[in-house]
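Everything on this sheet refers to the single structure shown next.
Just so it is clear, none of the values below were taken in a lab; they were calculated from the coordinates. Being a predicted model, the structure only gives us computed values, none of them experimental. So basically every Cβ, Gly included, is an ideal-geometry build from the backbone, and we count neighbours across all protein chains shown.
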């Protein structure tokens with residue numbers, strides 16, 4: 001059975017991987033819109049929110065954590081860039 005939610009997740013993950021190729025980091029600024037008009041910054045922020053609430057599947061957590069430079073907490077991201 002084809003799952004639209006999973007398809008959307010995989011599309012967004014692909015967009016994030018494209019972002020990483022050019023920016024060398026998975027930390028996308030909030031509000032960032034990519035060249036395909038995808039609101040990648042919002043998508044990443046929403047995944048951080050899902051993670052914080054415990055609403056992100058374990059395999060997605062592991063998949064996202066494998067991306068270079070991903071930080072779940074904006075606070076931690078600000079500390080690491082200081």
Task: Kirkwood estimate for the chain, i.e. one over the average of 1/r between Cα atoms, Å - done: 13.2
Open item on the list: Give me 5, 33 sorted ascending by neighbouring Cβ count inside 10 Å, so fewest comes first.
Closed with: 5, 33
- [ ] Arrange 63, 8 by Cβ neighbour counts within 10 Å, fewest through most, would you?
- [x] 8, 63
TODO: Just grab the label-to-label distance for residue 8 and residue 53, each label 7 Å out from Cα along the Cβ direction, in nm (one decimal).
DONE: 1.3
TODO: Treat the count of other C-beta atoms within 10 Å as a stand-in for reagent exposure and order 44, 61 from fewest to most.
DONE: 61, 44
